[in-house]
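A quick write-up on the structure given underneath.
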Amino acid sequence: MAAVSDTLDHFFRENRDDLIGFFLRRLHCPDTAKDLAQETFVRLLFSEQRTPTQDRRALAFFIAGNLVVDHIRKESVRARYAPSQEMPAELLEAVAGNDPDAEKQLMAWQDLDTVNTALNELPEECRAAFYLSAIEGLTYAQIGECLGVSERAIAKRIAKTLKHCRDRREQH
């Protein structure tokens, strides 16, 4: 384990700037580039612990490419569903004007806020399992491998998360 960590540390120092440049060219944000370069090395470390690779640089850039795609997808979802600063006031005005679509939209935002609060109440292992399933689309077996627990444990965590969110929605 220490040998893998030492060689990865050396690899990180040698390739960090190249990876940051890779992310910068695609995402145009220095902070995001640095964060994703760090995430690349974390994922590379986990991968190397499971199965050492012959071409670490190729694997690192493969992981980096996947992180770019994931980041763009997440940003697209955020842009589509995140409320703007003006949105609540507009919705409230529309609801006051008896616009049924605006009322549904406001209720959906309230539900989303309730679920977000409920998720933040849960332990990290439940949130991580739920995120990997719902957002990343991984199977329970893949999530279990990533988190180092059984598929059954993942199923329990996700069931606990869904029940907790459902209970919070019913309370509101």
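Observations
- Of LYS34/LYS163; LYS74/LYS156; LYS34/LYS104; LYS34/LYS74; LYS34/LYS160, pairs whose Cα-Cα distance is over 28 Å: LYS34/LYS163; LYS34/LYS104; LYS34/LYS160
- Take the Cβ atoms of ASP167 and THR53, set R0 to 45 Å, and the FRET efficiency comes out at 0.55.
- Sorted largest first by accessible area at a 1.4 angstrom probe radius, with every protein chain in place, the residues ASP9, ASP113 fall in the order ASP113, ASP9.
- Taking 0.36 nm per residue of separation and subtracting the Cα-Cα distance, full extension of the segment from VAL149 to TYR131 would add 4.9 nm.
- Multiplying the residue separation of PHE46 and ASP111 by 0.36 nm and removing their Cα-Cα distance gives an extension gain of 19.8 nm.
- Multiplying the residue separation of GLU121 and PHE61 by 0.36 nm and subtracting their alpha-carbon distance yields 18.1 nm.
- Heavy atoms of SER150 accessible to a 1.4 Å probe, total area in Å² rounded to 10: 70
- Of the GluC sites (Glu not before Pro) found in the range 103-172, those that fall in a DSSP loop while having at most 13 other beta-carbon atoms within 10 Å are GLU136.
- In order along the range 142-159, phi translates into HN-Hα couplings of 5, 5, x, 5, 4, 8, x, 9, 6, 4, 4, 5, 5, 4, 5, 5, 5, 4 Hz, rounded to whole numbers, per the Karplus curve 6.51 cos²θ - 1.76 cosθ + 1.60 with θ = phi - 60° and x for Gly and Pro.
The values are calculated or read from the model by the stated rules, or taken from the named source; none is laboratory data. Note that the coordinates shown come from a computational prediction; the quantities given were computed from them, not determined experimentally. Positions of Cβ are backbone-derived with ideal geometry, glycine not excepted, and every protein chain shown enters the neighbour counts. Keep in mind that these areas ignore ligands, DNA and RNA; they rest on the heavy atoms of the full protein, side chains included. Shrake-Rupley method; radii C 1.70, N 1.55, O 1.52, S 1.80 Å.
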